[in-house]
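Undergrad: Pasting a structure below so you can have a look.
The values are calculated or read from the model by the stated rules, or taken from the named source; none is laboratory data. All values derive from a computational prediction rather than experimental measurement. Ideal geometry is used to build each Cβ from the backbone, glycine not excepted, and the neighbour counts take in all protein chains shown.
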Amino acid sequence: METMPARVSTVVELLSKLSESGCNSSFVFHNGALRCPETGARYGKEELEIQAIHRFEGESNPNDLTIVYVIRANDGTRGVFVDAFGPQGDAKASEFLQQVDDLRRGRAESQALAESPHVTHS
């Protein structure tokens, strides 16, 4: 995951800083994929990478939790997916995003194994 903007205290502040850094798109979860309303593009889990995850707790209500996923698609589109965190969140979207992260970890582990020197015994 890449370095994200300095700590921020609100979702609005984070979204503003992300936009300033070129993360200008949004994603919505629909029919088992993320869709970018700005471009109309639809992305499966293998086409996405979660670059950062930010969790926010509501100022007036600690149970008011928001999670912001910073995502890059394989075509270079950078954007955010915003959801409630916990019981109010979209369970199917959370599962989808967990699978995106699991795929990234699997690719990273496979790459590390491929780059490691092989030891053979005779």
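Undergrad: Does the stretch 71-93 hold any residues that are part of a strand (DSSP E or B) and of a type in the set (Val, Ile, Thr), and which are they?
TA: Across the stretch 71-93, the qualifying residues are 71, 80, 82.
Undergrad: Here is a follow-up. Quick one: residue 83 ticks every box in (1) modelled with pLDDT of 90 or more; (2) touching a His at 6+ places or on another chain (Cβ under 8 Å) except a single one, so which number is it?
TA: Result: residue 83 passes all but (2).
Undergrad: Which condition number in (1) among the polar types (S, T, N, Q); (2) modelled with pLDDT under 75; (3) under 18 Å from residue 31 (Cβ atoms) is the one that residue 94 fails?
TA: Among (1) among the polar types (S, T, N, Q); (2) modelled with pLDDT under 75; (3) under 18 Å from residue 31 (Cβ atoms), residue 94 violates only (2).
Undergrad: A further question on this structure: Mind checking which residues of the stretch 106-122 are in a helix (DSSP H, G or I) and either exposed (fewer than 10 other Cβ atoms within 10 Å of the Cβ) or at pLDDT 95 or above (or both)? Let's see the steps before the verdict.
TA: First pass over the stretch 106-122, keeping only residues in a helix (DSSP H, G or I): 106-115.
112, 113, 114, 115 - these are the residues of the stretch 106-122 that are in a helix (DSSP H, G or I) and either exposed (fewer than 10 other Cβ atoms within 10 Å of the Cβ) or at pLDDT 95 or above (or both).
Undergrad: So, one more: For a quick check of your reading of the model, give me the residue pairs whose first member lies in the stretch 1-14 and is farther than 12 Å from residue 68 by Cα and modelled with pLDDT under 90, whose second is of a type in the set (Lys, Arg) and not in a helix (DSSP H, G or I), with beta-carbon atoms closer than 9 Å and at least 6 apart or on different chains.
TA: Filtered contacts from the stretch 1-14: 2/72.
Undergrad: How many residues are hydrophobic (A, V, I, L, M, F, W, C) and either surrounded by fewer than 16 Cβ atoms within 10 Å (Cβ to Cβ) or free of Cβ contacts under 8 Å to residues at least 40 places away in the same chain (or both) if we restrict to the stretch 25-57?
TA: 3
Undergrad: All but one of (1) surrounded by fewer than 12 Cβ atoms within 10 Å (Cβ to Cβ); (2) more than 24 Å from residue 10 (Cβ to Cβ) hold for residue 22; state the number of the condition that does not hold.
TA: Result: residue 22 passes all but (2).
Undergrad: While we're here: Can you give me the number of residues within the stretch 58-91 that are crowded, with 17+ Cβ neighbours inside 10 Å, within 15 Å of residue 9 (Cα to Cα) and of a type in the set (S, T, N, Q)?
TA: Going through the stretch 58-91 one residue at a time, the tally reaches 1.
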